[in-house]
Every structure is written in structure tokens, then in C-alpha cells.
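Below is one structure, written out as C-alpha cells; the observations come after it.
The values are calculated or read from the model by the stated rules, or taken from the named source; none is laboratory data. Here the structure is a predicted model, which means the values were calculated and not measured. Glycine gets a Cβ as well: all are built from the backbone with ideal geometry, and neighbour counts include every protein chain shown.
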Amino acid sequence: MSLIKISLSMLALCLVSAQAARFDIVNQCSYTVWPAATPSGGGRQLNSGQTWSIDIPAGTSSGRVWGRTGCSFDGSGRGSCQTGDCGGALSCTLSGQPPLTLSEFTLNGGNNLDYINLSVIDGFNVPMQFSSTSNGCNVVLNCRESSCPDAYQNPNQNEKVHSCPGGNLHALMLIKIPIKMKKFIHAPVAARFDIVNRCPYTVWPAAIPKGGGRQLNSGQTWPLDIPAGTSAARIWGRTGCSFDASGRGSCQTGDCGGALSCSLSGKSPTTLAEFSLNAGNNKDYIDFLFPMLGICAP
């Protein structure tokens with residue numbers, strides 16, 4: 001099996017340490033790759049069989065790891081990659097350019113759980129495995145070209161996320177209801193998303209970097225016009241919210257810093273949809289977790 005293997009090792013909470021977790025990135029491909037990691041790690045060349053260990057500082061809530069291929073860099077660390085390029089830098093501070101296979105993590109998220117996730121929201125460029133080596137959490141996620149991952153074999157499913165609380169494993173199951181999103185091409189914007197609340201209760205959907213958020217009663221629709229050039233965007237639902245007239249308050253799930261109109265990501269756990277417009281090969285990418293239905297309308 002040829003892939004990039006990422007292992008997550010959680011450090012004992014009693015240790016006074018500069019890092020909260022260690023990620024071991026192993027190149028099991030038969031060729032050289034240039035893995036990248038943000039916000040901590042940057043990036044480097046990794047020949048076949050080599051390992052790159054990244055210590056994630058305490059207080060890092062979320063991050064991304066991906067592989068780059070076909071790279072060439074000069075002595076100053078400037079160059080380019082055929083896939084996953086991050087602004088021509090060997091050590092990345094920006095997100096990678098699609099297409100790329102993406103792994104994401106959230107440390108100490110909702111209910112103090114750690115979340116790991118493999119996604120093809122930005123396309124696919126290298127096979128990848130993401131696993132945890134912590135005691136009591138031995139989940140292994142695989143994303144290969146032929147099986148990316150096994151959830152992708154069902155056309156109504158498109159992502160797997162696992163949470164690992166010191167000793168227990170919780171898997172998010174994927175279903176096809178009840179918040180519906182439609183994407184419309186509508187000049188002069190790049191796309192229009194109609195968010196329809198099909199739940200029997202009120203939700204407070206949020207959207208970044210464009211949209212913010214609002215209250216959406218059962219049966220209501222919220223149309224979002226997305227400007228051209230928008231990439232790496234997110235839409236999620238919030239529940240149990242209460243806001244004052246100034247738009248300040250809180251939500252039981254998906255809260256984004258106490259704001260009705262979000263500019264920050266929602267706090268885990270959230271039902272998350274992601275999209276990138278006009279990304280790799282000028283294609284639009286959508287990906288979602290339950291309970292949500294994402295469709296494209298002509």
C-alpha cells in the first residue's frame with residue numbers, strides 16, 4: 001500500500017509541555033512528496049520511507065496537513081508544486097491550491113474531544129491514511145484513489161469524521177436530511193446558495209467568509225449570493241441559540257464567539273458543509289456532514 005500516513009499521538013495532560021500533540025507524517029509512497037502543515041509545521045521534502053514529526057503547540061485548536069507533488073524549490077525555499085502549492089513556498093503559511101487530499105484536526109473541541117478528518121473537498125492528489133495512536137482510540141481513516149474513504153462509495157455520503165475522547169470512539173453517521181442547500185449560477189455573483197430549513201425546529205445557519213448568519217425558522221429559506229473568487233468556505237447549522245438586539249448571545253451547538261453573524265468558525269460539534277468555487281481544473285467542490293443535503297441546480 002502506497003500512501004502518506006499521519007499518526008496522532010496525544011501527550012499526557014499532566015505534562016507541562018510546549019506541545020499538545022505530536023503528528024508523525026510517514027511517506028509510504030514510492031516517490032518523493034512535500035507534505036505541508038498549517039498553522040504549525042510549515043512544510044518540507046519527504047523522500048520515500050522518511051518520517052516528519054510535528055509537535056503541535058498547546059492552544060492550537062485546529063490545523064491542516066496535506067501532500068504536495070511535483071515540487072521544485074531553490075536554496076531559499078522558493079519554487080512551485082504541481083499539486084498542493086501554497087504560494088510558491090517550501091514552508092507553508094497559506095492553504096494549498098487544489099487539487100489536494102486534505103487531512104484536518106481539531107484539538108480539545110466540543111466536549112473536550114479531538115477530531116480527525118480526511119476530506120476531498122479540494123480534490124485528490126495523493127493517497128492518505130490518518131490514525132490516532134492514543135490509548136483507547138485506534139481509529140484509522142484511509143483515502144485512496146480507489147476507495148476515498150469507504151464512505152465515498154455511497155453517492156449520498158462524502159466524508160468521515162471520528163472523535164476520540166481518551167478511551168472511547170464516536171463516529172458521525174451520514175444521512176441525507178434535513179437542511180437543504182441549492183447552488184445556482186447567478187451573475188454577477190459566482191453562485192447562489194439557497195439554505196432551506198426542513199427541520200421541525202428553528203436553526204441559526206452560519207456561513208463564512210460570506211453570509212455571516214441569521215435565524216431560520218422551520219420552512220424558511222435563506223438565499224446567499226457568493227462573490228466570484230470565494231474559496232474554502234463553510235456553512236453550518238447552530239441550535240439552541242439566543243441573541244439580543246445587537247446580535248450578541250450564544251448557541252448550544254455551533255457557536256461562533258457569541259455572534260449572530262459569524263466571522264469565526266463554529267465550535268465543535270457542528271454539522272458542516274464546505275465548498276470551493278472555481279478551484280482545481282476550474283471545478284466547484286462541495287462536501288458535507290450529516291444531517292444535510294447538498295445539491296446543484298441548473
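The table for this structure:
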quantity	calculated
Selection count where residues are surrounded by fewer than 17 Cβ atoms within 10 Å (Cβ to Cβ) and either closer than 16 Å to GLN28 by Cβ or touching a residue at least 12 places away in the same chain (Cβ under 8 Å) (or both), scope region 61-88	6
Enumeration of residues in region 31-53 that are assigned to a strand (DSSP E or B) and within 19 Å of the chain's Cα centre (by Cα)	ALA36, ALA37, THR38, GLY42, GLY43
Count of region 190-239 residues which are over 20 Å from the mean Cα position of the chain (by Cα) and more than 26 Å from PRO98 (Cα to Cα)	20
Residue in region 107-118 that is at pLDDT 70 or above, aliphatic (A, V, I, L, M) and within 29 Å of GLY75 (Cα to Cα) present	no
Enumeration of residues in region 211-250 that are charged (D, E, K, R), assigned to a strand (DSSP E or B) and buried (at least 16 other Cβ atoms within 10 Å of the Cβ)	ARG234
Residue in region 44-61 that is at pLDDT 85 or above and of a type in the set (A, V, I, L, M) present	yes
Given (1) out of contact with any Cys (no Cβ under 7 Å at 6 or more places or on another chain); (2) closer than 15 Å to ALA37 by Cα, index of the condition GLY75 fails	(2)
Condition met for ALA187 (among the aliphatic types (A, V, I, L, M), at pLDDT below 85 and assigned to a loop (DSSP other than H, G, I, E, B))	yes
